[in-house]
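Everything below concerns the one structure shown next.
The values are calculated or read from the model by the stated rules, or taken from the named source; none is laboratory data. If you're wondering where the values come from, they're calculated on a predicted model, not measured in any experiment. No Cβ is skipped: glycine too gets one built from the backbone with ideal geometry, and neighbour counts run over all protein chains shown.
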Amino acid sequence: MGQNNYQGALQKPLGSGFNAQSTTSEVINGIDLTGKVAIVTGGNTGIGLETVKTLAQAGATIIVPARDVEKAKRNLDGIPHVEIEEMDLMDPASIDAFAQKFLTSGRDLHLLINNAGIMWVPLRRDSRGYESQLATNYLALYQLTARLWPALKQANGARVVNVSSGGHQFSDFNFEDPQFLNRDYETLLGYGQSKTAVNLFSLEFDNQAKEYNVRSYSLCPGAVGETELAREAPADLFQKLGYSDAAGNILPEVAARLKTIPQGAATTVWAATSPLLNKIGGVYCEHADVSLLSSDVTAVGGVKAYSLDETHAKRLWKLSGELTGVTFDFS
């Protein structure tokens with residue numbers, strides 16, 4: 001089934017013809033998804049909503065699980081081929097209930113797009129005592145993918161697309177204290193760790209799932225304006241990071257680098273649909289192409305080698321099963 005991407009062996013752009021300014025409508029051009037079924041978490045706001053719109057326009061049927069069903073109904077109103085179901089990523093029982101309902105329908109699952117996530121939040125813990133960014137951004141993704149595995153396998157040609165972030169560069173995965181029990185909590189360290197986990201999972205899952213014609217990808221959407229991701233960020237945080245002035249106004253040079261929502265969702269749609277990825281998986285993508293290793297570029301971007309490390313990927317795979325009580329059945 002081809003080479004794996006351990007240590008970033010496959011992290012080289014494929015020459016997709018797209019770039020940071022490419023939009024969802026450009027990357028989906030000429031692709032027909034009629035008869036395909038997709039699940040998109042976080043599909044009622046921001047880049048998730050744009051992803052749903054684009055896949056629907058290409059003919060796919062999309063299921064959008066949402067914690068706030070009424071909000072989802074309002075935001076998704078008028079988009080064809082969309083079904084809305086209830087699911088809370090901070091509640092493991094809710095994830096299981098959603099997945100079981102889908103499995104009971106007997107449908108194949110061609111695309112699982114794990115888009116939902118949180119950032120800039122204060123220290124919170126779920127009912128298990130797990131730090132909220134790790135629980136929401138990674139452990140929920142792991143559990144949902146595991147529970148939906150039978151439908152992915154049944155499709156005989158499925159992709160799992162995991163929205164990561166350039167923020168994975170904030171932190172490697174801390175195996176000694178992933179829940180911040182014995183170290184000071186810093187929200188960006190928690191976020192970075194959760195997104196590094198997404199990359200490591202995408203790597204290891206692809207290596208194990210490709211035998212069943214299921215491939216996996218992680219990606220960075222880029223810095224995108226007009227999303228809800230920063231709704232809980234402290235007022236002075238962006239000033240400290242050099243993103244805004246003392247009055248809270250975003251600096252012009254920062255604003256110039258922001259992507260629009262259609263540009264931010266383009267890499268998700270590309271990873272989900274591009275024929276260039278038919279025989280490659282486990283790679284980290286950005287700007288609608290496979291990215292370089294960050295050691296290969298001088299500018300901010302690319303993927304850190306530690307988030308594609310084979311030993312860490314296998315260690316996290318084992319830990320994820322222990323933390324969630326959920327394992328994959330590849331039989």
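Couple of notes before you dig in:
- Selection within the stretch 32-44 - part of a loop (DSSP other than H, G, I, E, B) and crowded, with 17+ Cβ neighbours inside 10 Å: Leu33, Lys36, Thr41, Gly42, Gly43, Asn44
- Boolean, Thr267 is at pLDDT 95 or above and outside any strand (DSSP E or B): yes
- Just one of (1) buried (at least 21 other Cβ atoms within 10 Å of the Cβ); (2) among the small types (Gly, Ala, Ser); (3) in contact (Cβ under 8 Å) with a residue 60 or more places away in the chain; (4) more than 21 Å from Ala140 (Cβ to Cβ) fails for Ala60. It is (3).
- Failed condition for Asn213, given (1) at pLDDT below 95; (2) surrounded by fewer than 18 Cβ atoms within 10 Å (Cβ to Cβ); (3) on the phi > 0 side of the Ramachandran plot: (1)
- Candidate set from the stretch 173-187 (those that are hydrophobic (A, V, I, L, M, F, W, C) and touching a residue at least 24 places away in the same chain (Cβ under 8 Å)); member that is farthest from Leu308 (Cα to Cα): Phe180
- Residues that are among the hydroxyl-bearing types (Ser, Thr, Tyr) and within 20 Å of the chain's Cα centre (by Cα) do not occur anywhere in the stretch 10-21.
- Residue count for the stretch 274-301, restricted to those that are surrounded by fewer than 24 Cβ atoms within 10 Å (Cβ to Cβ), in contact (Cβ under 8 Å) with a residue 24 or more places away in the chain and either hydroxyl-bearing (Ser, Thr, Tyr) or on the phi > 0 side of the Ramachandran plot (or both): 4
- Residue check for Glu50: at pLDDT 95 or above, farther than 28 Å from Asp309 by Cα, part of a strand (DSSP E or B) and among the acidic types (Asp, Glu): no
- Qualifying positions in the stretch 75-97 - without any contact (Cβ under 8 Å) to a residue 40 or more places away in the chain, within 20 Å of Gly325 (Cα to Cα) and not in a loop (DSSP other than H, G, I, E, B): Ala93, Ser94, Ala97
- Residue check for Ser22: touching a Phe, Trp or Tyr at 6+ places or on another chain (Cβ under 9 Å), under 26 Å from Asn156 (Cα atoms) and part of a loop (DSSP other than H, G, I, E, B): no
- Residue check for Val121: surrounded by fewer than 22 Cβ atoms within 10 Å (Cβ to Cβ) and touching a residue at least 40 places away in the same chain (Cβ under 8 Å): yes
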